[in-house]
1. How many of the residues making up segment 255-270 are in contact with a Leu (Cβ under 6 Å, 6 or more places away or on another chain) and more than 8 Å from ligand 1 (Cβ to nearest atom)?
2. Does Ala296 meet the test of being assigned by TED's automatic domain parsing to the domain that holds Ala372, farther than 16 Å from Ile54 by Cβ, assigned to a helix (DSSP H, G or I) and over 13 Å from the mean Cα position of the chain (by Cα)?
3. Tell me, which helices (runs of 4 or more DSSP H) wholly within segment 325-427 include 2 or more residues that are surrounded by 14 or more Cβ atoms within 10 Å (Cβ to Cβ)?
4. Residues of segment 268-281 being crowded, with 19+ Cβ neighbours inside 10 Å and touching a residue at least 40 places away in the same chain (Cβ under 8 Å), which ones?
5. Would you pick out the residues in segment 21-80 that are without any contact (Cβ under 8 Å) to a residue 60 or more places away in the chain, part of a loop (DSSP other than H, G, I, E, B), more than 16 Å from Glu141 (Cα to Cα) and within 16 Å of ligand 2 (Cβ to nearest atom)?
6. Given the condition closer than 27 Å to Glu342 by Cβ and in contact with a Leu (Cβ under 9 Å, 6 or more places away or on another chain), answer yes or no: does some residue in segment 187-197 qualify?
7. Can Gly258 be described as over 30 Å from Thr62 (Cβ atoms), touching a residue at least 12 places away in the same chain (Cβ under 8 Å) and surrounded by 24 or more Cβ atoms within 10 Å (Cβ to Cβ)?
8. Would you check if Val252 is more than 26 Å from Asp118 (Cβ to Cβ) and either within 16 Å of ligand 1 (Cβ to nearest atom) or not assigned by TED's automatic domain parsing to the domain that holds Val132 (or both)?
Amino acid sequence: MSAAVTEAPTSSEKTGPREGAFGNAVALACRECGHRVDLGPFYACPECFGPLEIAYEFPTVTREEIEAGPRNIWRYKALLPVPTDIETSPNTEPGFTRLLDARNLATELGLAKLWVKDDSTNPTNSFKDRVVACALSAARELDAKVFACPSTGNLANAVAAAGARAGIKTVVFIPSNLEHPKQVNSAIFTESLVAVDGNYDDVNKLASEIAGEEEGWAFVNVNVRPYYAEGSKTLGYEIAEQLGWRLPDQIVIPVASGSQLTKVDKAFRELIELGLVEEKPYKIFGAQAEGCGPVATAFKAGTDAIRPVKPDTIAKSLAIGNPADGIYVLDIARRTGGAVEEVTDDEVRAGIVLLARTEGIFTETAGGTTLAVTKKLVENGQLDPELETVVINTGHGLKTLDAISGQVGAAATIAPTYDAFKATGIA
Ligand SMILES: *Cc1c(COP(=O)(O)O)cnc(C)c1O
Ligand SMILES: [Zn+2]
């Protein structure tokens, strides 16, 4: 990996990854102007500074081939920028998480059909294991010496764990006010957890600077971001496959940088293009917390101008005040007939409790946000209760215990006697 990997070289100087290092990916293409550059550790267009995205030449891919693959994200390796022998490499194996038929929650919300895609069961208990697995593959193919990230918490957990298993040095950067369990869940895997006095946007700026100064560092969501981002497509592929190779009518997705939401849309469009699902309209909804809702604010104002905010919410995993893909989230929500909605921290807490009490799933604040937004969208008529709906649960509640510790606890503390128990009125 070369130093100062901020933008791609204009001429096509080969950086020399091995043949087949990125599978069916053929180039990096600018999302804004379409300019193409060779695959490498680049993320900004040399022509217009727009974000680079992976471009493919897909072979024919059949449902049967995919179904014969492993029960993890590598069953979709033909659609990802990874080598064809990926499942045999020392890598984490996230994905193929359950798609739960959420009947109790559907009844509670007045929805005809509701599914919860439960990504809290990935190796480090969030959807970030998907993106990190793809970023790690790219980092190794590009001969990176250090695997690093700025993170709102879950990404640091996933990077630290995947790096440990792959035997590659990891350095993860987080805002110093992060939830204690998320700090421990990184520190257990790496010696180099760096807590930065600042918010995520400060941490991200620092990471970009380090990426430009230090040789051979792969920052998963900075200089190998195009590869990282593709990992989120597997959520879309799995949902379609688990529905019996169909797209849902409506889907609600949390928004931090906006990467996940834009890649689920990309996955759905690719499945249509490849003939793996039938073309049909679908609506994509984004979920944010009011304390960090720059995309929701812009959506409601009917503008493309996303005003960065200073995050102040318990949904720390979504607390990105200046979301890199916010503009694309707005575009997708508008194009598909969806929306971007926001909820208060109290609604987030209520969302966590609602999912737990109806479906037995303990989600973190990001999932509480998604649930609460889903409820709000039903109430304000933006979600059609007759259509099939999917919500994505992106993380586990054990990592954000503090958020609900005031909400739930022992119903009573009693002496060890039957009389004392009887006096509680529980029986
Ligand atoms: C990172 C994260 C998200 C959203 O990520 P994007 O930056 O929008 O791709 C959602 N939920 C959880 C739990 C996360 O950690
Ligand atoms: Zn460009």
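1. 2
2. Judged against the criteria, Ala296 is a match.
3. Details: elements: 326-336, 345-359, 365-379, 401-404, 418-423.
Because the criterion is at least 2 residues that are surrounded by 14 or more Cβ atoms within 10 Å (Cβ to Cβ), the helices (runs of 4 or more DSSP H) in segment 325-427 that meet it are 326-336, 345-359, 365-379, 401-404.
4. Passing the criteria: only Glu270.
5. Glu32, Cys33, Gly34, His35, Cys45, Pro46, Glu47, Cys48, Phe49, Gly50, listed by residue number.
6. Yes, segment 187-197 contains at least one residue that is closer than 27 Å to Glu342 by Cβ and in contact with a Leu (Cβ under 9 Å, 6 or more places away or on another chain).
7. Considered against the rule, which asks whether it is over 30 Å from Thr62 (Cβ atoms), touching a residue at least 12 places away in the same chain (Cβ under 8 Å) and surrounded by 24 or more Cβ atoms within 10 Å (Cβ to Cβ), Gly258 comes out as yes.
8. Considered against the rule, which asks whether it is more than 26 Å from Asp118 (Cβ to Cβ) and either within 16 Å of ligand 1 (Cβ to nearest atom) or not assigned by TED's automatic domain parsing to the domain that holds Val132 (or both), Val252 comes out as no.
The values are calculated or read from the model by the stated rules, or taken from the named source; none is laboratory data. The model shown is predicted, which means the values in this text are computed figures rather than measured ones. Heads up, the Cβs are rebuilt from the backbone with ideal geometry, glycines too, and the neighbour counts pull from every protein chain shown.
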